[in-house]
Every structure is written in C-alpha cells, then in structure tokens.
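The values are calculated or read from the model by the stated rules, or taken from the named source; none is laboratory data. Given the structure is predicted, the values throughout are model-derived calculations rather than measurements. All Cβ positions, glycine included, derive from the backbone under ideal geometry; neighbour counts span all protein chains shown. For accessibility, only protein heavy atoms count, side chains too; no ligands or nucleic acids. Shrake-Rupley method; radii C 1.70, N 1.55, O 1.52, S 1.80 Å.
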Amino acid sequence: MSRNKISREVRTFFSGSNQLVYGCQMGHKVKELRKRLDEIVSESEKFQFEVRCEEKASLTMIREATTSSEPEIFFGREEEKKKAMSFLLNPNDEIESVSVISIVGMGGLGKTTFSQSVFNDEQVNHHFGLKLWVSVSGGFDVKKILKDVSDELESLKKKLPEKIENRKYLLVLDDVWDNKDGRDGEKWDSLRQSLPREEARGNKMIITTRSDAIAKLTSRLSLALKGLSEKESWSLFSNKAFGPGQESNYMDEKIKKEIVERCQGVPLVIKAIARLMSMKDRAQWLSFIKQELPHRVKDDNIIDTLKLSYNPLPSYMKHCFAYCSLFPKGHKIDVKSLIRLWIALGFVSSSNLGECLEISGLRCFEDLLWRSFFHEVKRDDLGNIESCKMHDFMHDLATHVAGFQSIKVERGGNSISELTRHVSFDTILDLSQQIPIPLPCAKSLRTLVLFQGGKHDEGAWVSICRDFRRLRVLVLSDFGMKEVATLIEKIKHLKYLDLSNNEMEALSNSITSLVNLQVLKLNSCSNLKELPRDISKLISLRHLDVGCTLDEDLCENLEYMPRGIGKLTSLQTLSYFVVAKKKSPKSEMIGGLDELRMLNELRGRLEIRVKGYEGGSCISEFEVAKLIDKEYLQSLTVRWDRELDSDSDIDLYDKMLQSLQPNSSLQELIVKGYGGMRFPSWVSDLSNLVRIRLESCRRLKHIPPLDAIPSLEELSIGGLDDLEYIDSEGVGGKGVPMFFPSLKRLYIYYCDRLKGWSRDEMNDDSDESTIEEGLIMLSFPRLSSLTIRSCPNLTSMPLFPTLDEDLHLSRTSSMPLQQTMKMTSPVSSSSSFTRPLSKLKGLFMWFIDDMESLPEVGLQNLSSLQRLGIYACPGLKSMPLPDQVMHSLQQLEVGRCRELKSLSESESQGMIPYLPSLQRLIIHDCSEEVSGRARGWGKESEEWPNIKHIRDILIDWKYIQKEGSYVKG
C-alpha cells in the first residue's frame, strides 16, 4: 500500500464522514450537554426560579378582543387649536412667503397629535391647495428634509388629478431637534431659502419641537403646550382603562387624584399607565401607584415611567419591542414586514391554538399597540393594519432596553460590540468601501439592515457572504444592484432577504440553496425578468413578494413563473403570477397556472397577469388552479394583456374567467382586459365582496346582478365599450331585501353605449309625474360619492339622494341628477324623508350638453354644499343659487358657459347672491351678461356688498381681490 493511500485512509477514518467516529464524538457532546442541563435545573431550584410556560396564553387571553382599531381620540387643547387655526387661516398674517408657527413642549405632551388635528381639519383642507407632512425626528438636515418634501410632493401628484403647481401650501416639520454644533441658524436659513417660494403669499409651516431655542429661531409665533387639565387627564385615562365612552362604576377619589397628579397631564404616560392598570386587580391600584409611579412625571423620568409598561411583558414580546429600536425615529413601519422579521428571528412561535406564525405575530403587535407602544396606525382599503409609528420616547425606551443587542448606526457612528446581534444603518453607504463592522462582531450578527441604500459593489457581496455567515435577516434594497452573487448560498441560516428596488434582470439560482429562507422581497425590481429555475428547493418560503399593480411596486417585466413553484405549499404571499405561452425556447422552465393548485395557504393579494395562452388547452390549467379553495385570499386581480385581444377567442375568454371562480370569502375583485361578452354568474355569490372593479373589458355586454351583495361598498365600471345596461338581466333590484345595501362609492366612466341601469327602468317617454314622484325608481340607500364620466347616452339610473361627499358629472346627461333633485316625500313617510342631496359637499359638472338649468327646488336642498364647479355646459342658461340656503359654499367656479345669464334667483339680488362662506370665486369665458358684468365689479359696483368678503375673486384670469386684498387697478 502506498504512503499516500495510507494517509488518505487515516484522514478518512478520523473525518466527520466516518459514522463510527462521528457517533463517538456526538456521544461525548450529548453527555456534556446533559450534565450542563442538570446544573441549570439544580441552580433554578436553588434560587427558586419559576417556569413560565404559559406566559403567552396568560397575556393574550387578558382581553377577549383587541381595541387596536379604535380611532385616536383628541382630548382638550381647544384654546390652543383656536390659536393655531387663527394663524393658519388669517389673511392679514400673510406678509411673508412662508410664515411659521412652532408647537413647543416636553416629549409626550401630544405635539404630533395636536398638529395632526389641525392638519386634518376641514377648514385647513379647503384653505391650502397642498398639505405636506414630514417626520424629521432630528436636526436641520437640509438635504434629507428637502428629499422628504420632494417624495411627499411626488406622492401627492399621483393622488391629485388636477395640477398642484402654484398652490398655497402648508408644510409640517414634525419633531425638530436642536443640534450641538451651534449651526442651527445657518441650517434653518438654508432650509427656508430652499423651500418652494410660490408667487402667492400665505404659505404656512408648522414646526413641532421640544426645544425653546428652535421655537424662537424658526417662528414669530410660538404655541407652548402644557399638560392636560385634571378633567381632561381623567377623561383620557378612563377612555384607555375602561373603554371609549365608559366610566368606572366607582373610583376612589384618592386614587383618581393620585393618578392625575403623578401623570402630570402627559398624554403618552396617561395612555400607557391606563392600559397597564386596566390589567391589574382594582385592589392593587393604590399600592402600585405609590410604590411604582414617580411622584411627578418629568422629562428626565418619562423613560422610567414608561418602562413600567414594558416590565410585565413576556420575554418574547420584550424581544419584539426592543427590536424596533433598529428603525429610525419617525419611520413609518410596515407592519407586515415587521411581523415577518420577528418570525425570522424566532421571537414569535405558534400558539397552542394552532395559529399560523403570522397570526401569532399580529396578535403580538396588537397587544403592543393596545399598550401604546405604537401609534399612528394606518389601514389599507380592506381594513388590514398597514403601517404604524413609534413615539420618540417609546423609541428611546426600545433603544434603552435593547442595550448592545440592537444598534442603529447613524452619522458619526455607534459602537458595535461582540454582544451585538442586530444592526441597522440609517445612512447612505458606499459598499465599494468595507462595511464598517469589525470582523469579530460581523460573525455574530443576526440582522443587517441598510435603510437608505447606497452604492453597490461586487466586493460587498463577497464580504457579506464571507463574514456574515450567521445572518437571519439581510436587507439590501435601493443599491442599484445588477446581479446577486452566487456566494449568497454561504449564508445558509438566512430567513429574510429584501432585495427590493434593485436593477437585476435575473436572480442567481444559487439563492435556492437557502433552504431556511422564509421571506424573499423583490418589490419594484423593474428590470427583473426571471425567478430562479430551481425555486422549488426553497422549501421554507412563506412570502414571495414581487409587488403588484395596486401597490405600484410591481416587477412589470417578469416574463413567466418557474416550473415547480407550486411545490412551495407553505407560501402565504404570492403577490403576482404571470401566465405565459409555453411554446417558447424556455418552455421546459415555464410553470402554468395549475401551479396554484396546492397553494391553499395564499392570503392577502394575488394578481394574475395573462401574457399568453395556448388556445383551448389553457382552460384545464385555469380549472386546476382551484382558486375556489384559496379561502384566505382577500384580493384577486385578473388582467389580460391588450396585445392578446382577438375576436376569435371570445368563447375562450368566457371559459377562462369562468374557471377562475374564487372562494366566497374574497373581498376585492378586479378584472382588466377581459375579452368575453358575459361575466360569470359566480360574482353574484361572492357575499363578502367589498370592492369590484371592471376595466377595459370592451366586449362585455352582460353583468350578473350585483345589487344583493350585502357588503359591497365600491363599484367601478370603466372602458366597457359594448355595455348598454349594467343590470343586463333586467332584475333591477327585484326580490332583494335592499338595493345595494352597503354601496358607498360608484364610478362609471368611458362606457359610450351605456343607456341605463337596467332594461326595465323608465324610458325617456315615461310620464313626468311618475319621474317627479321618484318612488317607483330605485335609489341607492347608502351612496356617498358618485362619478360619471364620458357616458354620453346614460340618461337613466337609480337615484342618489344620500350623497354626502362629491358628485362628478362629465360628458354625460344631466337627467339622473335632475330626477334625483325632483324627488319628493311620500305622504306616508314625510317625517323621515331626507331632502335629496342635502348632505352633498361637492358638485362638479363638465361638458354637460343637455342641461339648460337645474330645478330651483333641487338647488334649495344643497344646504351642505362647499364646492361647486361648472365648466363647458353650452346650453346652461340659468343657475339660480339660493342666498338663504348655501351657507356652507366656499368655492365656486364657472367657466365656458356662454349662454348663462345669471347666478342669482332674481335681478334684485344682483348677478350673484350673498354667499357668506364663499372664499374663492372664479368666473371665466362666460356670456357677456356674466363675464362682462363681473369684469366691471369693483368697490363702487352694486354687487360689491355681496362679494367683498371673498378672499380670492378671479374674473377672466385677472384678480379683482387676492388673498383678501383688493387689487383691481
């Protein structure tokens, strides 16, 4: 035997692959482990430690139902709010381009809540064309603040249909600190000079701060918030301790006084202590107050006071809360992502009730929310908790209790030790340089989160994959990354990987070696074309998020789904599924819609995009997908690419959509680009639907009855070129207890052939008295908002007397509005009859050709109207605005109505009546009787007493009065 062969066999014998040696080694290790466990048991008995196996159950069963959905109630501050509102709305206080008011006070006093109350006030909404809110939570970092303002502005531009340039704005900078570098004045001047400086004056800014120095530096007017009064403090305490609108049956005045005095009117402390005490036996209250609560809550002991709510938390919940210290202050936390992070790190485990991990995580979040550790909760359109924030003091508490375990690195750096397990960077990083974490520390890290992205470099991947082998969480979004290194397979413990907003076209197949991976986020990777071909190896994957159209973060260029994705039976999130033609060079890699068959844990949103199909053979794939078995899905979008549309495939479209019947638990259904003529009847059976949207289904002629769906709140129908009647079967509400019992919002647009709601409706030649009674016609019992655009033949539809938001009519008939306005009360129910449109807030009519006037009796009912806009109505001759009714009207715009003679009921009122709340009046391109007469308005004119109170009067694009000042030359 050669020397080399002997050496090789000896090495093999002593290697880990030799089962005999391996068993011997493991035997010794097990023996040592048992000895150590025995020592732990012995020590626990010596020190009388208690085993708390049921801490989760004992905590979550305290309350039968969470109150996380209760709205935040605003207590007190009436006088302070009056002062702030006076400053914002005062036309005489507009000598500067941007005027500033500061809200100053110690932490926890509710400066943010107070400012939100002002920011969301209805008068403020109407006064400012633009409102921007920026959470600063730091000093005057001019670059960062301007970026946040720019991002907020871009977000608003997407939401607002009209142009927002040259609009008066309100900007809130929330939680501004003073810096220690002594350059606050210089930075403030730089920031102020960089802000938008509109031509119109009257822009306002609110700054909230704890610093008197910042308040004096930034504003002429400073509003100092004090603690709540005793009465207000007790009202807030009672609301949180006993429930909204509830009072304790009996409360010792001594206890009540102790609570109020010790909390010093600080809302944050009151809420946290109220929640804590609500879980204690009433007999323990007094001893807890005297022994635990500080005698006076002050700025320097708030953290210790809030820690009283943290101490009783079970250990897993303490970990969950402390982990939140990684987020920047003021950060809007995505709650779904937060819960998935907790799960990835093992902080949350399944309960004894057999709940899935995500439900257990949600319960944990709701418990923390109920105890006031989080606030400013936002929900999506279906009522799911979407985001939240942490109060600065709660963030300070999380940082305090996390210690060295969790470190957030900001500019200037923070010390990272070998005890640190979780690190986030709140600064832009250049990954071409070495990641600023010492190697011994990197080896122990479980979390690495880079919040602000930066510059990517291939060497960074090598460093991360080589040095950070124990990571469970890795967030590398916004780095301009063009490829994912194959070395990623080295981070074998990774459970959460976020690569969103990067530029790669494909993911390396080596990523499928991460068998522990639970979450893969690829949102907004707009160049991504392919997912890993061996994705089926990711056996632990629960969430594959590639965005969706609704969230505007879709991986739009994804070409197909990989074959085998259907084996990932633990998947709960699959936001987007592409159906592609299989007859292609990549046919062996393409998975069909039948991959969905076993994915019955899917929940949330699913968008199916049909980019191609194989004739009739695709029907079996669609049927096998078994969407009806997906009972946890909330939202389903099905869309066909426009290029697929073919007149020869009409029957095929019908069969495809018929095969995609969802579970009856579905809440939202969106169908786009459907090429069939008939919508499946199963839609009428989806009893939990809240929203239906049918868009660009150009051949669709038949829609099943939708009026009996009990929970339907929003219906949107647009781009249905061939549709003549929405209820094509002519049922028209017959046989249902109530017609559309929950519908609040209705949108109908670009339906050129649409004539009416159903074939059985009244015809145009119906008896006039029948129309005026309005009782034989159907009406929507709950409708709040209605929009009809570009439906020129729509002359009849159910009446809409209950509208209390906006009515938009454009390029359509005025007959439905006329009919609704003429509704009268039946003799039998006159006492309960509500005047039609008496709650309407906004009325806008554009390009209405058949309207000569609106009935005076209908206009008399518009007592709540705040905004009225009429544009390009060529036949309009009369618009008799009643002076005794329209006390709420604030904005009036009339344009291109060339036949209009007057806006008043009689000549004795002048051309326009006195409208006491009117703030903005625009008239342009109308008849000489209107525009010509208005051009002659001035201080000497007869109409001046009726209009001099109006802040802005613009006639044919020239101001007569601007910002409350007479400017006519």
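Numerical summary
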{"item": "Number of positions in the range 790-807 that are surrounded by fewer than 19 Cβ atoms within 10 Å (Cβ to Cβ) and in a strand (DSSP E or B)", "result": "2"}
{"item": "Looking only at the range 97-122, and only at residues there that are polar (S, T, N, Q) and either touching a Phe, Trp or Tyr at 6+ places or on another chain (Cβ under 9 Å) or not in a strand (DSSP E or B) (or both), the one that is farthest from ALA272 (Cα to Cα)", "result": "SER97"}
{"item": "Some residue of the range 343-366 being open to solvent by 10 Å² or more (accessible area, probe 1.4 Å), touching a strand residue (DSSP E or B) at 6+ places or on another chain (Cβ under 7 Å) and more than 24 Å from ALA241 (Cα to Cα)", "result": "yes"}
{"item": "The range 75-109: number of residues that are open to solvent by less than 20 Å² (accessible area, probe 1.4 Å), at pLDDT below 90, within 29 Å of the chain's Cα centre (by Cα) and within 21 Å of SER233 (Cβ to Cβ)", "result": "5"}
{"item": "Conditions (1) in a helix (DSSP H, G or I); (2) open to solvent by less than 40 Å² (accessible area, probe 1.4 Å); number of the one not met by PRO662", "result": "(1)"}
{"item": "Conditions (1) touching a helix residue (DSSP H, G or I) at 6+ places or on another chain (Cβ under 7 Å); (2) aliphatic (A, V, I, L, M); (3) crowded, with 21+ Cβ neighbours inside 10 Å; number of the one not met by ILE289", "result": "(3)"}
{"item": "Considering residues of the range 666-690 that are part of a strand (DSSP E or B) and open to solvent by less than 10 Å² (accessible area, probe 1.4 Å) only, the residue farthest from VAL638 (Cα to Cα)", "result": "GLU668"}
{"item": "Given (1) in contact (Cβ under 8 Å) with a residue 24 or more places away in the chain; (2) open to solvent by 60 Å² or more (accessible area, probe 1.4 Å), number of the condition LEU544 does not satisfy", "result": "(2)"}
